[in-house]
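The values are calculated or read from the model by the stated rules, or taken from the named source; none is laboratory data. Note that the coordinates shown come from a computational prediction; the quantities given were computed from them, not determined experimentally. In this analysis, Cβ positions are derived from the backbone assuming ideal geometry, glycine residues included, and neighbour counts consider all displayed protein chains. In case anyone asks, the SASA skips ligands and DNA or RNA and just uses the protein heavy atoms, side chains included. Shrake-Rupley method; radii C 1.70, N 1.55, O 1.52, S 1.80 Å.
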Amino acid sequence: MRFARFLLAAPLALVATLTHAGDAPLFVPQWLGAQYTFVDQHQSSLHSPYAGPLSLHARSDTRRSDTFGAYFGVALPARLQFYFDVEMFKGGGVSDATGLGGLTNGDVIRAGTTGLGKSPYVARRFLRWTLPLGDATSTVERAQDQLPGTEAVRRIEVKVGKMAVGDDFDKNRYAGSTRTQFMNWTLFNDTAWDFAADTRGYTDGVMLAWVDAGWSLRYGVYRMPFHANGQRLVPSLRRARGEQTELTVQPDPDGWALRLLAFRNTASMGVYRQAIAAARASGSVPDIAADERPGQHKYGFGLNGELPLADHGDSGLFMRAGWNDGRTESFAFTEVDRTLSGGFQLSGVHWNRPGDHLGVGVAFNALSPGHREYLALGGEGFVLGDGALHYGKEQILETYYNLSIGKHLTLSPDLQLVRNPGYNRDRGPARFVALRAHLEL
């Protein structure tokens, strides 16, 4: 751990020293890109015979969100690279980004809690090291957190520092970017995967990978928050950590891919059944936060697939399935214990708009028996709490059209329909209409 802390602190000083000394361009930081995303989303009014503090608003609601990002990287000696990203979020999500397992604006995950403010913050700050295992190389284009050049097809890869766990796990070419593809959380991530993160979606950790021709194996361990949906992270990985392993099988770099994910979290978490028992004994409403105890675990599994069909892979199918044990409280991402999603992306080349894309996706979210009973008795999580629950699976339909305007700008009208919002048959359906603008340089 002392070595990891050294790696987290050393790069900035090293880069500054070498650049000041006028060394070769190897040490000169490179601007890798910038982005701005604007979302204007409207939620229609919905049937709501009762409501709790975390319910979708019964009356219509319109919110706007803005995210800004600037991304930098520098090549260092000994096959090391250092990346540094700065972002800023303004605005908010409809219904204060509560009332759903599959929330409808993926950029809101970067909003943080009310007390975090709206000023710029460091999103990523990490070192990447690679060890070639063969002579074959592939070309790497300039992109966010990706320096241009070549790298070995077969390699060992290590990342240490501050990053998002989703940078390396559960990736999908057709459903992996909330800024250009699906906006619903359940359609760009496995929502049953309660990955380690602070309130904005970032954490500190280590990722190890063995990348070979046709397959790769990754392992990551990251810091968990002190409390559910909290910004402050536990400093010791012995006390709390999120671990995940993912095997990716992709025989052809442009062909089908299948990813198998397993994760295990250790943190000071509450247990739904114990919170329910304590509430019944005292005649009160269950409170999972009051039952948090160190050393609790949550584990789960995920399946992620993509299948290119035509247009050089620009049109294809995707699917995800996820499951966690649902014994301990949802802690870092959202309140989903089982999920199944799928859909397609269609290239606009078929109507002479090769830069455009049409996407359609459906998703089903579910809760464990203990989680649903906790909510039915009036308990609250960090995004759910209707005060009661007539349980039903949350059902989501989303469609978007990504209209390319020049090389750098896209506009995307987006429509979402959610049945049983927050897993409650007594509420909804809920409808969401949005216009998204994304500028990327």
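Sort out which residues of the stretch 168-201 are farther than 20 Å from ASP337 by Cβ, surrounded by 24 or more Cβ atoms within 10 Å (Cβ to Cβ) and hydroxyl-bearing (Ser, Thr, Tyr), and write them in order of number.
Result: TYR174, THR178.
Yes or no, residue by residue, for (1) touching a Leu at 6+ places or on another chain (Cβ under 7 Å); (2) in contact (Cβ under 8 Å) with a residue 24 or more places away in the chain; (3) surrounded by 18 or more Cβ atoms within 10 Å (Cβ to Cβ); (4) in a loop (DSSP other than H, G, I, E, B):
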{"site": "ASN229", "(1), (2), (3), (4)": "no, yes, yes, yes"}
{"site": "THR248", "(1), (2), (3), (4)": "no, yes, yes, no"}
{"site": "ASP254", "(1), (2), (3), (4)": "no, yes, no, yes"}
{"site": "ALA262", "(1), (2), (3), (4)": "no, yes, no, no"}
{"site": "SER268", "(1), (2), (3), (4)": "no, yes, yes, no"}
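I'm trying to understand the selection: among the residues of the stretch 293-307, which are without any contact (Cβ under 8 Å) to a residue 60 or more places away in the chain and surrounded by 19 or more Cβ atoms within 10 Å (Cβ to Cβ)?
GLN296 - this is the single residue of the stretch 293-307 that is without any contact (Cβ under 8 Å) to a residue 60 or more places away in the chain and surrounded by 19 or more Cβ atoms within 10 Å (Cβ to Cβ).
Take VAL433 and decide whether it is in a strand (DSSP E or B), aliphatic (A, V, I, L, M) and surrounded by 22 or more Cβ atoms within 10 Å (Cβ to Cβ). Reasoning before the result, please.
Values: in a strand (DSSP E or B): yes; aliphatic (A, V, I, L, M): yes; surrounded by 22 or more Cβ atoms within 10 Å (Cβ to Cβ): no.
Against the criterion (in a strand (DSSP E or B), aliphatic (A, V, I, L, M) and surrounded by 22 or more Cβ atoms within 10 Å (Cβ to Cβ)), VAL433 does not qualify.
Taking the condition of being of a type in the set (Phe, Trp, Tyr), closer than 27 Å to MET88 by Cα and either at pLDDT 95 or above or open to solvent by less than 70 Å² (accessible area, probe 1.4 Å) (or both), how many residues in the stretch 28-62 meet it? Quick ask: steps written out before the conclusion?
Applying the first criterion (of a type in the set (Phe, Trp, Tyr)) to the stretch 28-62 yields 31, 36, 38, 50.
With the extra rule that they be closer than 27 Å to MET88 by Cα, the set shrinks to 31, 36, 38.
Narrowing the set further to residues that are either at pLDDT 95 or above or open to solvent by less than 70 Å² (accessible area, probe 1.4 Å) (or both) leaves 36, 38.
Here the count works out to 2.
Output the residues belonging to the stretch 373-382 that are closer than 19 Å to PRO49 by Cα and either in contact with a Leu (Cβ under 8 Å, 6 or more places away or on another chain) or β-branched (Val, Ile, Thr) (or both).
Filtering the stretch 373-382 down to residues closer than 19 Å to PRO49 by Cα leaves 375-380.
Scanning the stretch 373-382 gives LEU375, ALA376, GLU380.
Going through the stretch 1-27 one residue at a time, which ones are at pLDDT below 50, open to solvent by less than 70 Å² (accessible area, probe 1.4 Å) and not small (Gly, Ala, Ser)?
Hits for the stretch 1-27 are LEU7, LEU8, PRO11, VAL15, LEU18, THR19.
List every residue pair whose Cβ atoms sit under 7 Å apart, with the two residues 6 or more apart in sequence or on different chains, where the first one lies in the stretch 401-425 and is in contact (Cβ under 8 Å) with a residue 12 or more places away in the chain and in a strand (DSSP E or B) and the second, anywhere, is among the basic types (Lys, Arg) and crowded, with 23+ Cβ neighbours inside 10 Å.
The qualifying pairs are SER412/ARG436; ASP414/ARG436.
Report, by residue number, each residue of the stretch 120-155 that is part of a loop (DSSP other than H, G, I, E, B), farther than 23 Å from TRP215 by Cβ and open to solvent by less than 60 Å² (accessible area, probe 1.4 Å). Talk me through it step by step, then tell me what you get.
Here is the first cut: in the stretch 120-155, the residues part of a loop (DSSP other than H, G, I, E, B) are 120, 133-136, 141-142, 144-145, 147-148, 153-154.
Cutting the leftovers down to farther than 23 Å from TRP215 by Cβ gives us 120, 142, 144, 147-148.
Within the stretch 120-155, LEU147 is the sole residue that qualifies.
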